[in-house]
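What follows is a short report on a single structure.
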Amino acid sequence: MAIEGIFTAIIEFCQGLLAGTPSWLQTLGLGVLYLVGVLAFVFLNVLYLIYLERKLSAYVQERIGPNRFGPHGLLQSIADAVKILGKEDITPRGADKWVYIIAPIVIFIPATMLYAVIPFGKDLIAADLNIGVFYFLAVASTTTIAILMGGWSSNNKYSLLGAMRAVAQIISYEIPLAFSIVGVVMLAGSLQTSQIVAAQEGTWNIVLQPLAFIIFFIAANAEINRGPFDLVEGEQEIVAGPYVDYTAMRFGMFYLSEYANLLSMSALAVTLFLGGWHGPWLPSWLWFFIKLYIMIYIFMWVRWTFPRIRIDHLMGFNWKVLLPLSLANILVTGVGIKIYQLITIGRW
Amino acid sequence: MITLNHYLALSALLFCIGLFGALAKRNAIAILMGIELMLNAVNINLVAFNFFLDPSRVVGQVFAIFVVVVAAAEVAVALALVINIYRRFQDSSVTDLNWMKW
Amino acid sequence: MFGRGLIKGLRTTWHLGLGKAITEQYPERRPKLPPAFHGSLSLDPQKCNACGLCARACPNNVIIVDSERGEDKKRYLSAYTVKLGQCLFCGLCVESCPRGALHWLPDFELACYRFKDTEHVLYKRNPEGEVSKGA
Amino acid sequence: MLSTNALAFWVLAAITIAAALAVVLSKNIVHSALFLILAFVGTAGIYILLHAEFLAAVQVMVYAGAVAVLIVFAVMLTRRGDIRASNLYNSSYLGAGIVALGLFIATSLMLGRMNWTAGGGSMAANNVEAIADAILGRFVIPFEVAAILLLVAIVGAIIVARGVKEDR
Amino acid sequence: MAEVKGELQTQEFELNMGPQHPSTHGVYRARLTLDGEKVVKVENIIGYLHRGIEKLAEDRTYTQFIPYTDRLDYLSGMLNNLGYVQTVEKALGIEVPERAEYLRVIMAELSRMASHMVAIASFVLDVSGWTAWFPPFRERERILDLFEMTCGSRMTVSYMRIGGVAADIPPEFLPALKSLLDDLPQFIEQMHALISGNEIFIGRCKGVGKLDIETALAYGVTGPNLRASGLPFDLRKAQPYGCYDRFEFDIPVLTNGDSYDRYLIRLLEIEQSARIIRQAMESLPDGEIMAKVPRVIKLPPGDYYHQIEASKGILGFYLVSDGGTKPYRLHIHSPSFVNLGAIPKLTEGSLIQDFVVTFASIDIVLGDVDR
């Protein structure tokens, strides 16, 4: 199919342009290409994710949602972006200026780096690292630092509280998140995302690992501060948490990164549990997108249904429920794999 | 060409900076940071030796992972101690901790 | 327990999401206001005899009734001003009018840019003595 | 002409050393902690240059969390004083500087005289499996010991931090 | 050496919550002393919405003051109207026509329902249940439409008059009211499905901000908050005013006195209000809506007190008259103000999130607090 290879063709074309130049220039060129591609992907998707979120919440709440700018309000996010760019940029007195300025930029670095290991389609992966999933988790965990930087440097008590919550929540929920992935990794026998997808050609991991998927979903929700776990922002208690004092584009960066994280987390969920780009008839990258948006829809649906959890319940739930469950899941998976091997090839 | 010695020099420099931090700082947390830097320098050493001298086995990397594990344990205990100190003295400076004379 | 309530909630929001929106698109779809709506005041100058009962009934001294004595020694209205910026929209003035000269209009778009525009002149007599309706 | 590898090494080394120096020299403890992250990230980059990707990921993951916690503590415990002067030197900083400098000179001198002999062989392209085999094969006992160490450390840390409840 | 305590202690700090804060329901301000996430001390700071309504009353005639009562607890204007006009009627000894009495009851109960719906909605919103905010407000909107078609305004109704009501209901009122009442069970069902059965919500509210009867009585807490603590005290039963003694209804009582019960009891009271309205609707008599009242109302010298069960508790009006056309002094015993007093007691020692929940469950209106 011609549509199938459209993106790989573009990449090959760019590689052809660079052929014959020194190797470091090729690396740099491809790096720039990756960055441009990812940024375009992230920005386009995020703009429409914001629109989608607003529309979905509106439908759930029997409203109409944005409908003024463009047909059905499709250009609303662009209008908002322009508005937010035009706002006054405030640095509070008493803020730690450099940290305050750098924080929104820092939060975008992991947000863009995450997409390197996501296989968007057949042969459509920026860097097929041998530690793919682990790389994703490691890079995602640095988001904490950026939130902490923003929260601490604003010199505001609300944002400090939010930053403390961010640390407690994100670091704790990293553990069940990682452990829920272990089952998948055991099934695929590799940390490489492309191989995990390849292993799901027959059955998707969500069928084999339903418990892991639920744990992953909950922990991912907490990792990206969404849904019932949006304690970091905690609008009703600590106003906007670490972002209280941020205005204009700096706030916009935080806002964008939240959605970029939602996007990357959903992409990871699709890769790990929903069979990646596998699917009949349609081109592989289209399948990936369909699944991606289904996943995002579930995230949004959950967010607009549930109230916020309390902080001690959040911690208790993590350590007392999710962690033992994920450990049990690893055990069951291990035993299951061995039994499967015993049945199919007759030995442990 | 980057040789083993380059890495070792980097590691030595990092180690000495860490050492200076660990020795010269007043705040217990800063001392902890110095120690972390030193452990990192050691890890660079291990990995570099592994890569240049014995690449067929990954013993150096495994050892480095153990070092990270120990460092994590160390941070946990040390922070607990710092809390306890802070609770008693309302301060996290180690220069005042001289009540144990011998 | 064990997430049953959560699933029930998800089901409810799913159904709500498929339902129809209950909000109105305001400038395109005008709200249907009942005739009793307290919007802006209007005065029938033919019926008004400038007795000033409305001005006295008003809790906030919103209404200013200016009257003159004519040649026939009868009082008649020269100007009727309502400071809508201070109006409570309670309707005591309308109720107090013995001749039914004052009534409500279901006009709710009263926002204006300058504070002095909130003073509505419901009636002003021209110097020539003609009767004309004010804003 | 520098090779890509060499360029990357020099950049990463410069970042790491500069960040490490900033950790030590900064007067603000939170800045120190933030520079520590930069130093760790630089180190992780060096690991990648040395084909230790797994270790690099471990480095980022463990230290991002650890340092975040460090910052939290730093903020919590220095709330009382001025944060801008929360990371000062103690009285023996001169001696410490001399010791550190001396150690560096000594090691550099030794490094110059060393002659390393390579053991031969080449690194496997996918060394994650090799690490797994090593940890759960040859080094399974140290691995378990490390696990116990971690457990003991966590329990100890909790007890030390919370304090033993006095009998009522 | 500092004393070593059993609990982990860090530096306490003060947090200024409000007057501009998403969950202080207006311009309430609390000065919290926090130990991490834990609230150590709470100090109520009010007065940001003080308009001097009690003082304004001294410069208004008895009739002219009616519109101002709307602005006390602006979520239940009808009930404030009712309390005030009944005070004056009690002082003058005016008999109110039957039809007016029934209309008053219908309006008052509708107002109570609307107020409870706002209470539920804002409470739910304060635990971040964004979607569950909408069903109560959807239903409340229909109640406000009913008010609008009868008295021309949605919230500041000024409907009651001394001796009756301002206007008779239009013909389309009763069918609309009936359909509203018929849709109520569906609304309550939706609330249960969306939020009351939700485990996260239960976890947030159960056992949070517990108020026992003794404390409640000591602080003078009344209304749904008191009934949620287990005391079935309702002025409509205990000291019937108007024609409440003719209707059959229950006083819902819950026993835990926590935030969850305070939420639930409002849903139950909405059901009971609907019951009263149904009865009043069926037996609505024809006739006059205003009694014969002198044009200029003068109260005989003396002091008068009357209290009603408003949506948030006992609402009392204390009138002192010197015989003139204007009150000499009017004091308003407002339920929100009294209930607010219990907040520090309820929230000290809980988490910041619990503070928000408890505060929302007490359900105050700042217009009522500051007057």
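The values are calculated or read from the model by the stated rules, or taken from the named source; none is laboratory data. On a predicted model such as this, the values are computed, not experimentally measured, just so you know. Cβ: placed from backbone, ideal geometry, glycine included. Neighbour counts: every protein chain shown. Accessible surface is based on the protein model in full, side chains and every heavy atom, while ligands, DNA and RNA are left aside. Shrake-Rupley method; radii C 1.70, N 1.55, O 1.52, S 1.80 Å.
Would the stretch A:157-170 turn up any residue that is open to solvent by less than 10 Å² (accessible area, probe 1.4 Å), under 24 Å from E:R204 (Cβ atoms) and of a type in the set (F, W, Y)? For the stretch A:157-170, residues open to solvent by less than 10 Å² (accessible area, probe 1.4 Å), under 24 Å from E:R204 (Cβ atoms) and of a type in the set (F, W, Y): absent.
Can you name the residue in the stretch E:10-22 that is modelled with pLDDT of 80 or more and assigned to a loop (DSSP other than H, G, I, E, B) and is also surrounded by the most Cβ atoms within 10 Å (Cβ to Cβ) among such residues? If we take residues in the stretch E:10-22 being modelled with pLDDT of 80 or more and assigned to a loop (DSSP other than H, G, I, E, B), then E:H21 is surrounded by the most Cβ atoms within 10 Å (Cβ to Cβ). Restricting attention to the stretch E:194-252, the residues that are of a type in the set (K, R), open to solvent by 10 Å² or more (accessible area, probe 1.4 Å) and free of Cβ contacts under 8 Å to residues at least 60 places away in the same chain total 3. State all residues of the stretch E:102-120 that are of a type in the set (V, I, T) and open to solvent by less than 10 Å² (accessible area, probe 1.4 Å); if no residue qualifies, say none. E:V105, E:I106, E:I120, listed by residue number. Taken as a whole, the condition of being within 7 Å of chain D (Cβ to nearest Cβ), within 12 Å of the chain's Cα centre (by Cα), modelled with pLDDT of 85 or more and open to solvent by 10 Å² or more (accessible area, probe 1.4 Å) does not apply to B:F15.
Conditions tested, residue by residue: (1) surrounded by 11 or more Cβ atoms within 10 Å (Cβ to Cβ); (2) hydroxyl-bearing (S, T, Y); (3) within 18 Å of E:L194 (Cβ to Cβ).
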residue: C:G3; (1), (2), (3): yes, no, yes
residue: C:H15; (1), (2), (3): yes, no, yes
residue: C:A21; (1), (2), (3): yes, no, yes
residue: C:R29; (1), (2), (3): no, no, no
residue: C:P35; (1), (2), (3): yes, no, no
residue: C:G39; (1), (2), (3): yes, no, no
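Within the stretch D:16-41, residues that are more than 9 Å from chain B (Cβ to nearest Cβ) have Cβ atoms under 6 Å from residues that are of a type in the set (K, R) in these pairs: D:N28/D:R84, counting only partners at least 6 apart in sequence or on another chain. Helices (runs of 4 or more DSSP H) fully within the stretch A:225-322 that include at least 3 residues being under 16 Å from A:V42 (Cβ atoms) and touching a residue at least 12 places away in the same chain (Cβ under 8 Å): A:248-273, A:284-303. Of all the criteria given as (1) closer than 30 Å to C:G17 by Cα; (2) in contact with a Phe, Trp or Tyr (Cβ under 6 Å, 6 or more places away or on another chain), the one not satisfied by A:G121 is (1). Every condition in (1) part of a helix (DSSP H, G or I); (2) closer than 25 Å to D:H51 by Cα; (3) facing another protein chain (nearest Cβ under 7 Å) is met by B:M33 except one, and the failing one is (2). Kindly indicate whether E:K178 is more than 23 Å from E:K312 (Cα to Cα), in a helix (DSSP H, G or I) and either more than 11 Å from chain C (Cβ to nearest Cβ) or in contact with a helix residue (DSSP H, G or I) (Cβ under 9 Å, 6 or more places away or on another chain) (or both). The answer is yes for E:K178.
When the test is whether a residue is surrounded by fewer than 18 Cβ atoms within 10 Å (Cβ to Cβ) and within 14 Å of another protein chain (Cβ to nearest Cβ), E:P170 passes it.
Annotation note: of A:P307, A:P280, the sole residue that is out of contact with any strand residue (DSSP E or B) (no Cβ under 7 Å at 6 or more places or on another chain) and over 27 Å from E:A132 (Cβ atoms) is A:P280. For the stretch A:51-160, the helices (runs of 4 or more DSSP H) that sit wholly inside it and include 1 or more residues that are over 18 Å from A:I224 (Cα atoms) are A:76-85, A:97-106, A:132-141, A:143-153. Taking first residues from the stretch C:1-26 that are in contact (Cβ under 8 Å) with a residue 12 or more places away in the chain and at the interface with another protein chain (Cβ under 7 Å from one of its Cβ atoms) and partners that are of a type in the set (A, V, I, L, M, F, W, C) and exposed (fewer than 12 other Cβ atoms within 10 Å of the Cβ), no Cβ contact under 6 Å between residues at least 6 apart in sequence or on separate chains turns up. Identify, please: which residue in the stretch A:11-25 is part of a helix (DSSP H, G or I) and open to solvent by less than 70 Å² (accessible area, probe 1.4 Å) and is, among those, nearest to D:A6 (Cα to Cα)? Only one residue fits best here, namely A:L25. Of all the listed residues (D:A14, D:A52, D:A57), the sole one being surrounded by fewer than 17 Cβ atoms within 10 Å (Cβ to Cβ) and of a type outside the set (S, T, N, Q) is D:A14.
Scanning the stretch E:54-73 for residues being under 20 Å from the mean Cα position of the chain (by Cα) and either more than 14 Å from chain C (Cβ to nearest Cβ) or surrounded by fewer than 19 Cβ atoms within 10 Å (Cβ to Cβ) (or both) gives a total of 2.
Mind telling me which of the residues B:N84, B:N45, B:N40 ends up being closer than 27 Å to D:G97 by Cβ and either at pLDDT below 80 or open to solvent by 20 Å² or more (accessible area, probe 1.4 Å) (or both)? Step through it out loud before you land on a result.
Values: B:N84 fails: closer than 27 Å to D:G97 by Cβ; B:N40 fails: either at pLDDT below 80 or open to solvent by 20 Å² or more (accessible area, probe 1.4 Å) (or both).
Exactly one of B:N84, B:N45, B:N40 is closer than 27 Å to D:G97 by Cβ and either at pLDDT below 80 or open to solvent by 20 Å² or more (accessible area, probe 1.4 Å) (or both), namely B:N45.
Against the definition (touching a Pro at 6+ places or on another chain (Cβ under 9 Å) and open to solvent by less than 10 Å² (accessible area, probe 1.4 Å)), how does B:V62 come out, yes or no?
yes
For the stretch E:143-167, a tally of residues being free of Cβ contacts under 8 Å to residues at least 40 places away in the same chain, part of a loop (DSSP other than H, G, I, E, B) and either open to solvent by 30 Å² or more (accessible area, probe 1.4 Å) or within 19 Å of E:E271 (Cα to Cα) (or both) returns 2.
Name the residues in the stretch E:117-134 that are small (G, A, S) and part of a helix (DSSP H, G or I), would you? Quick ask: steps written out before the conclusion?
The initial filter retains those residues of the stretch E:117-134 that are small (G, A, S), namely E:119, E:121-122, E:128-129, E:132.
Across the stretch E:117-134, the qualifying residues are E:A119, E:A121, E:S122, E:A132.
When the stretch E:254-268 is filtered for residues that are aliphatic (A, V, I, L, M) and closer than 13 Å to E:H192 by Cβ, the ones remaining, listed by number, are E:L264, E:L267, E:L268.
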